[in-house]
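Asks: Have a look at the structure that comes next, please.
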Amino acid sequence: MKKYLKWTFGVLIAGFILLQLTNPSHTNPPVARDFLAATMPPPEINTMFRSACYDCHSDETKWPWYSRVAPVSWLVANDVIEGRKNLNLSEWPTDPLRAAKRVENMSEQIEYQDMPPKKYTLIHHDARLTENQRKQMEDWLNAETARLKSSATAAK
């Protein structure tokens, strides 16, 4: 029985080591046009975006140590890929109407508490938004939507 357990344990360790060869890449492409640089929010809003949004929704991802350990690395990389695909704050549009639509969508996601997701905030305590912080973000995003829409109509 001891021999069987040793072999099983050895095979599991070897499998875990081999899994490490399959880690996805951890890339951060160059930032094209940053959302925070384009909109210049107040410092407290800037901080909230950086802590709650930028790891998954920008090209400025901070890859934690566990993002290099398979199979967790696959989950983290997939979350970042999906986050960037849905909204990349490092590729902010120059068209005010497109930007307004994105800001409006961000406000809805925060209002419905869809963002940041629970699985992210479980590990990243600084990404947890209080009700007051959510309200601050929503208010600023709604004001930014109005500003962008008015600048779009003024440009016509």
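The values are calculated or read from the model by the stated rules, or taken from the named source; none is laboratory data. Just so you know, these numbers come straight off a predicted model, no measurement behind them. Side chains included, ligands, DNA and RNA excluded: accessible areas come from the protein's heavy atoms. Shrake-Rupley method; radii C 1.70, N 1.55, O 1.52, S 1.80 Å.
Asks: When only the heavy atoms of the protein chains count and the probe is 1.4 Å, how do 115, 106 rank by accessible area, highest first?
Replies: The ranking, largest first, comes out as 115, 106.
Asks: Can you pull the accessible area of residue 63 for me, 1.4 Å probe, Å² to the nearest 10?
Replies: 50
Asks: Now for a separate question. Are there DSSP H segments in the chain that both extend 18 Å or more along their axis (alpha-carbon positions) and score a mean Kyte-Doolittle hydropathy of at least -0.5? List them, or say none.
Replies: 2-19, 72-86
Asks: At a probe radius of 1.4 Å, what is the per-residue accessible area of residue 17, in Å² to the nearest 10?
Replies: Surface accessible to solvent at residue 17 totals approximately 100 Å².
Asks: Sticking with this one: Which cross-chain or sequence-distant (5 or more) residues have an amide H under 5 Å from the amide H of residue 33, H modelled 1.01 Å from N in plane?
Replies: For residue 33, whose amide H was placed from the backbone, the distant partners under 5 Å are 91, 92.
Asks: From the alpha carbon gyration tensor of region 18-105, can you work out the equivalent ellipsoid semi-axes (sqrt of 5 times each eigenvalue) and give them in Å, largest to smallest?
Replies: After diagonalising the Cα gyration tensor, the semi-axes are 28, 13, 10 Å.
Asks: Past 24 Å, Cα to Cα: identify those pairs from 62/85; 62/118; 62/135; 6/119, in the order given.
Replies: 62/135; 6/119
Asks: Quick one: compute the contact order of region 35-144, relative version, from alpha carbon pairs under 8 angstrom and 6+ residues apart, as a percent.
Replies: Computed value for region 35-144: 33 percent relative contact order.
Asks: At a 1.4 Å probe radius, carbon and sulfur cover how many percent of the accessible area of the chain?
Replies: Looking at the chain in its full context, I get 63 percent from C and S.
Asks: Taking every Cα atom in region 72-119, find the radius of gyration and the maximum pairwise distance Dmax, and write them in Å.
Replies: Gyration radius and largest Cα-Cα distance of region 72-119: 12.5, 38 Å.
Asks: Still on this model: What's the percent breakdown of Cα-Cα distances in the chain across 5 Å bins, shortest bin first?
Replies: Per 5 Å bin, starting at 0, the Cα pair percentages come out as 2, 8, 15, 18, 16, 12, 8, 6, 4, 4, 3, 2, 1, 1, 0, 0, 0.
Asks: Sticking with this structure for a sec: Using alpha-carbon pairs under 8 Å, 6+ residues apart, how would you state the relative contact order of region 104-150 in percent?
Replies: For region 104-150, the relative contact order is 50 percent.
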